[in-house]
1. What is the set of long-range amide H partners of R35 at a cut-off below 5 Å, with H atoms built 1.01 Å from backbone N?
2. G16: net charge of surrounding residues, Cβ under 11 Å, Lys/Arg +1, Asp/Glu -1, itself excluded?
3. Accessible area per residue for the chain in Å², computed with a 1.4 Å probe and the full protein assembly in place, what is it?
4. Based solely on its DSSP helices, what 222 nm [θ] is calculated for the chain when runs of n ≥ 4 H residues each add -39,500 (n - 2.57) and the sum is averaged over all residues, nearest 500 deg cm²/dmol?
5. Putting +1 on Lys and Arg Cβ atoms and -1 on Asp and Glu Cβ atoms, find which of G130, A61, L116 reaches farthest to the positive end of the dipole of the chain.
6. Can you bin segment 17-106 into rounded, prolate or oblate? Criterion: square roots of the alpha carbon gyration tensor eigenvalues sorted a ≥ b ≥ c, rounded for a/c under 1.5, prolate for a/b above b/c, oblate for the rest.
7. According to the square roots a ≥ b ≥ c of the eigenvalues of the Cα gyration tensor, what is the shape class of segment 24-76, taking rounded for a/c under 1.5, prolate for a/b larger than b/c otherwise, and oblate for the remainder?
8. Quick check for me: using +1 on Lys/Arg Cβ and -1 on Asp/Glu Cβ, what's the dipole size of the chain about its Cα centre, in debye to the nearest 20?
Amino acid sequence: MGGMEGPIRVLFVCLGNICRSPLAEGAFRKLLRERGLEGRFEVDSAGTGAWHAGEPMDPRARKVLEAQGAYFPHVARAMTREDALSFHHILVMDRENLKEVLARFPEAKGKVRLLLDYLGGGEVADPYYGDLQDCLEAYWTVEAACRAFLDRLEGDGTLGPAAAGGA
Ligand code: 4NP
C-alpha cells in the first residue's frame, strides 16, 4: 500500500456526511493543493447513515469551507463495503462512527481510525445541532488533525523519498 505506486486513498466518515466529514474532506483537499500533492491522493467522504444521501452539504459547512477557500462540490452518500475494501485510510469523527464502521464492514479493520488520534485523541463534536461557530470550530479541529495526518505520511516515507526529504 502507498509507496510510489497508485494514489493513496483516504476516506473521511461521519454520521450524516453533511457536516464533519465534508469539512475534513475540504480541509484535506486544501492541504493537498497547498503542498502540490493532489495527484498523489484520492479523497472522498461518506456517512455511516443514509438519511441525507443525495443532498448537498449542510449550508453552515458550505459557508465555513467557502470562507477558508476549501469548498468543493459535494453530494452526501452512505459508506459501502466497496469503500471498506478500496480505501487505504478510513478516518472517522467519533467512537460511534468507529463502532458502526467496524460492525458493518469488518474489512475496514486495520485501516479505520479516529481522525483525532493524529492530534492526541478525542472526537470531533457534531456541529449538526449547533450553529455556524460550532461548524467553524469543527473545521479548525479537523484541519489541524488532517495536517498532522499528512505530516505523518510525509514523514514516514509513504509519499516516497523526495517528500520525506531526500534519501
Ligand atoms: P455529520 O452531522 O455526521 O457531521 O454529517 C450530522 C448530520 C445529520 C444528522 C446527524 C449528524 N442527522 O441526525 O440527520
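The values are calculated or read from the model by the stated rules, or taken from the named source; none is laboratory data. Since the structure is predicted, the reported quantities are computational estimates derived from the model, not experimental observations. Neighbour counts are summed over all protein chains in view; Cβ atoms, including those assigned to glycine, are modelled from backbone coordinates with ideal geometry. We work out accessible area using only protein heavy atoms, side chains counted, and drop any ligands, DNA or RNA first. Shrake-Rupley method; radii C 1.70, N 1.55, O 1.52, S 1.80 Å.
1. Those lying under 5 Å, H to H, from R35: there are none.
2. Numbers: positive: R20, R77; negative: E55, D58, D126.
Its environment carries a net charge of -1.
3. Numbers: 7810 Å² over 167 residues.
About 47 Å² of surface per residue is accessible.
4. On the way: 5 runs with 64 residues, N = 167.
So the helix-based figure for the chain works out to -12000 deg cm²/dmol.
5. The residue sitting farthest along the positive end of the dipole is L116.
6. Numbers: a/c = 2.06, a/b = 1.31, b/c = 1.58.
Judged from the Cα gyration tensor, segment 17-106 comes out oblate (a/c at least 1.5, b/c at or above a/b).
7. Details: a/c = 3.07, a/b = 1.47, b/c = 2.08.
Here segment 24-76 falls in the oblate category.
8. Numbers: 20 positive and 25 negative charges, 48 e Å.
It works out to roughly 240 debye.
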